[in-house]
Amino acid sequence: MRNILRLFAALALLAVAAHSQLQHFSKTQDEEELRSIESKTAEYEQRNDSSIMNFLADDWVFLGTKVLTKSEFVANVKQNFVTHDNGPSPYTVEKQKVRVDLFGDTAVVTYIKRYRQTPDTTKFFDEGTTDVFTREPKGWQLRLTKVYPVRVESESN
C-alpha cells in the first residue's frame, strides 16, 4: 500500500511539473507571437500598408491626441499612402523597450516608438504606446492602442 501511495505521489509531481512546463512554453510562444505582430505593425505603418488592419479587432480604438475608430484609422492609412506618392512614409518606425505582459487570453504590450526621418536620421521623436490584445479563435487581436508623449532620450541611451 505504501508503494502505491509513493507511486501516486510521484505521478502527481510529474503531472504538476509537466503542466507547469507546458504553460511556460505556451507563454513564451504567445510572447513571441505578440512581439512578431508588433514588429509587423511597425513595418506596415512605415510602408502605409493597410495589411495592418488584419491585426485590429472590429471594435479597436486608438486613444491619442485624437480618438480614432478602426474605419477612421483605415482612411488615414489610405490617405498617407496617396500623400506619399503611393509609397512609404519619409521616416522609419522602430519599437524599443518592448514589454509583453500576459493575463490569460489578454495581453498588454508597452513600448517606446521612435520615428526617425529619412534621410536625416538625426531628427526623430518618441512616443509611448500601450496596446491591449485579446486572444480570439483567429489569433491575437488588437483591441486598444493608447499613445502618450514621452521625453526624447538622447542617442547615447
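Just so you know, all these numbers are worked out from the coordinates, no wet-lab data involved. All figures in this text were calculated on a predicted structure; none of them were measured in a lab. For neighbour counting, all protein chains shown are included, and Cβ atoms are generated from backbone atoms with ideal geometry for every residue, glycine included.
Taking other Cβ within 10 Å of each residue's Cβ, how do 81, 103 sort, fewest first?
103, 81
Rounded, prolate or oblate: which fits region 57-111, taking a ≥ b ≥ c as square roots of the Cα gyration tensor eigenvalues, rounded meaning a/c under 1.5, else prolate when a/b beats b/c?
Oblate, because a/c is 1.5 or more while a/b does not exceed b/c.
Tell me, in nm to one decimal, what length is gained between residue 36 and residue 136 on full extension, where the rule is 0.36 nm per residue of separation less the Cα-Cα distance? Let's see the in-between values first.
Values: separation 100, 0.36 × 100 = 36.00 nm, distance 1.67 nm.
So the extension gain works out to 34.3 nm.
Take peptides 29-39, 57-67 and line them up by average Cβ neighbours within 10 Å, highest first, as a rough protection proxy.
29-39, 57-67
Going by how many other Cβ atoms sit within 10 Å of their own, how do 99, 116 line up, fewest first?
So the residues, fewest neighbours to most, are 99, 116.
With a ≥ b ≥ c taken as the square roots of the eigenvalues of the C-alpha gyration tensor of region 34-132, please select rounded if a/c is under 1.5 and otherwise prolate if a/b is larger than b/c or oblate if it is not?
oblate
Starting from the Cα-Cα distance between residue 110 and residue 125, subtract it from 0.36 nm times their residue separation and give me the gain in nm to one decimal.
Length gained, residue 110 through residue 125: 3.7 nm.
Could you line up 130, 145, 83 from fewest to most neighbouring Cβ atoms inside 10 Å?
With the sparsest Cβ surroundings first, the list reads 83, 130, 145.
Taking K and R as +1 and D and E as -1, what net charge do the other residues with C-beta under 13 Å from the C-beta of residue 27 add up to?
-4
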